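First comes the structure, then the notes that go with it.
Each reported figure results from applying straightforward, stated rules to the coordinates on display, with no laboratory input. In this text, all values refer to a predicted model and were calculated from it rather than measured experimentally. Don't worry about glycine lacking a Cβ; one is built from the backbone with ideal geometry, like all the others, and counts go over all protein chains shown.
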């Protein structure tokens, strides 16, 4: 069920989009707080990884069938 506000509908993201965004966010948090060495994330891209996770989740909410 879509939530309408301001001319566009917000929909829940698919399970795949939600899972990928959670995995990316957890990897970034592990790299920062647990000091786990993850090849791309630990190389100074933790903020980028969190931003990608958030933008993916936003895209899943804003666009239908994503």
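Based on what the data block shows, is residue 18 exposed (fewer than 12 other Cβ atoms within 10 Å of the Cβ), touching a helix residue (DSSP H, G or I) at 6+ places or on another chain (Cβ under 9 Å) and part of a helix (DSSP H, G or I)? When the stated conditions are applied, residue 18 does not pass them. Taken over the range 37-65, the criterion of being surrounded by fewer than 17 Cβ atoms within 10 Å (Cβ to Cβ), over 9 Å from the mean Cα position of the chain (by Cα) and closer than 14 Å to residue 26 by Cβ is satisfied by 38 alone.
Taking the criterion of being surrounded by fewer than 13 Cβ atoms within 10 Å (Cβ to Cβ) and on the phi < 0 side of the Ramachandran plot, the residues of the range 23-36 that qualify are 23, 26, 33, 34, 36. The residues in the range 35-66 that are farther than 18 Å from residue 18 by Cα, touching a helix residue (DSSP H, G or I) at 6+ places or on another chain (Cβ under 6 Å) and part of a loop (DSSP other than H, G, I, E, B) can be counted, and the count is 4.
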